[in-house]
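Chemist: Here it is, the structure in full.
The values are calculated or read from the model by the stated rules, or taken from the named source; none is laboratory data. For clarity, every value in this text was computed on a predicted model and none was experimentally measured. Backbone-built Cβ (ideal geometry, glycine too); neighbour counts: all protein chains shown. Each accessible area value is taken on the protein alone, full model and side chains, heavy atoms only, with ligands, DNA and RNA left out. Shrake-Rupley method; radii C 1.70, N 1.55, O 1.52, S 1.80 Å.
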Amino acid sequence: MKKKGFLIVLSGPSGVGKGAISKQLRERDNNLWYSVSATTRKPRQGEVNGVDYYFLSEDEFLKKVHNGDFIEWACFCNNYYGTPKTKVLEMLERNVDVILEIDIQGAKKVKENFKEAIFIFILPPSREEWRHRILKRGTENDKERELRLETGEIELKELKNYDYAIINDLLINAVRQVEIIVEVEKLRVFRYLEDDENEWKFND
């Protein structure tokens, strides 16, 4: 049985700390590859093209949509976001675990095509702390910030569609909880079964 990498989907409203968790996970696991998303939004201060995002014009993005180049894509707060397909599939085939840090709409689309993926919803510890984190990062104006919070309130209702939920109160605890989830998922019986015969076979 050929082993494939795991697809780990970190999702949740804007400002809950998905990026910080993802960064810590990658620093602790050399077999974890981060899929850089494409977006039409403008780069924030310090962001690097090809490292934080692939920054595209709207025409470039929609052309890739037309060509089927994304695993998922969505419009969020008036900007497009998408996950490039080719490299993700390549890494999974090479038995490398892949982490996607995406919004709720994107996670829905991934679930349609990757039932075996691990879907983890990141929650803020409180509404007050959530608002404080978005305000603290200073990357949006007042209107954009309120739009993200309003959208996030709607997105919180999607929690029921995920496999796991983690409250990101203390970062190191949230990171370790994701690691435990992945460790447990690797032991689930269906991952040991042959696709065609639904039974275990020794490799010798």
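Chemist: Could you give each residue of the stretch 41-55 its phi-based ³J(HN,Hα) in whole Hz, using Karplus coefficients 6.51, -1.76, 1.60 with θ = phi - 60°, and x for Gly or Pro?
Modeler: Result, ordered by residue: 6, 6, x, 7, 4, x, 6, 10, 4, x, 10, 8, 8, 8, 8 Hz.
Chemist: Continuing with the same structure: What angle, in degrees between 0 and 90 and rounded to the nearest 10, separates the Cα long axis of helix 171-185 from the longest principal axis of the Cα atoms of the chain?
Modeler: Compared with the principal axis, the helix lies near 30 degrees.
Chemist: Using the heavy atoms of the protein chains and a 1.4 angstrom probe, tell me the accessible area per residue for the chain in square angstrom.
Modeler: Result: 59 Å² per residue.
Chemist: For Leu135 and Val65, compute 0.36 nm times the residue count separating them, minus their Cα-Cα distance, and round to one decimal in nm.
Modeler: Extending this stretch completely gives an extra 22.0 nm.
Chemist: Also, quick follow-up: For the stretch 1-145, what relative contact order do you get, as a whole percent, if you take Cα pairs closer than 8 Å and at least 6 residues apart?
Modeler: Over the stretch 1-145, the number comes to 40 percent.
Chemist: Can you send over the carbon and sulfur percentage of the accessible area for the stretch 17-62, probe radius 1.4 Å, protein chains only?
Modeler: 44 percent
Chemist: Calculate the dipole size of the chain relative to its Cα centre from +1 charges on Lys and Arg beta carbons and -1 charges on Asp and Glu beta carbons; express the result in debye to the nearest 20.
Modeler: Its charge dipole is roughly 400 debye.
Chemist: Can you flag which of Lys18/Lys186; Lys4/Lys111; Lys111/Lys136; Lys63/Lys136; Lys85/Lys143; Lys111/Lys186 are past 29 Å Cα-Cα?
Modeler: Lys111/Lys136; Lys63/Lys136; Lys85/Lys143
Chemist: Another question, then. Note down the nm distance, to one decimal, between modelled labels 7 Å out along Cα→Cβ at Tyr34 and at Glu90.
Modeler: According to this spin-label approximation, the distance is 1.9 nm.
Chemist: Relative to the longest principal axis of the chain, what angle (0 to 90°, nearest 10) does the C-alpha long axis of helix 127-137 take?
Modeler: That helix lies at roughly 80 degrees to the long axis.
Chemist: Okay, next question. With the dipole of the stretch 97-185 worked out from charges on the C-beta (+1 for Lys and Arg, -1 for Asp and Glu) around the Cα centre, which of Phe119, Gly138, Tyr162 lies farthest toward the positive end?
Modeler: Gly138
Chemist: Further question on the same structure: Using alpha carbons only, how many angstrom separate the centre of the stretch 20-70 from the centre of the stretch 125-183?
Modeler: Cα centroid of the stretch 20-70 versus Cα centroid of the stretch 125-183: 19 Å apart.
Chemist: Based on the alpha-carbon gyration tensor of the stretch 77-168 and its eigenvalue square roots a ≥ b ≥ c, which shape applies: rounded if a/c is under 1.5, prolate if not and a/b is larger than b/c, or oblate?
Modeler: prolate
Chemist: Which cross-chain or sequence-distant (5 or more) residues have an amide H under 5 Å from the amide H of Val96, H modelled 1.01 Å from N in plane?
Modeler: Long-range HN contacts for Val96: Gly5.
Chemist: Sticking with this structure for a sec: Taking the chain as the reference, fit the longest principal axis to its C-alpha atoms, fit the long axis of helix 104-113 to the helix C-alpha atoms, and give the angle between the two in degrees, 0 to 90, nearest 10.
Modeler: 20 degrees
Chemist: Could you check how much of the accessible area of the stretch 81-121 is carbon and sulfur, as a whole percent, using a 1.4 Å probe?
Modeler: 51 percent
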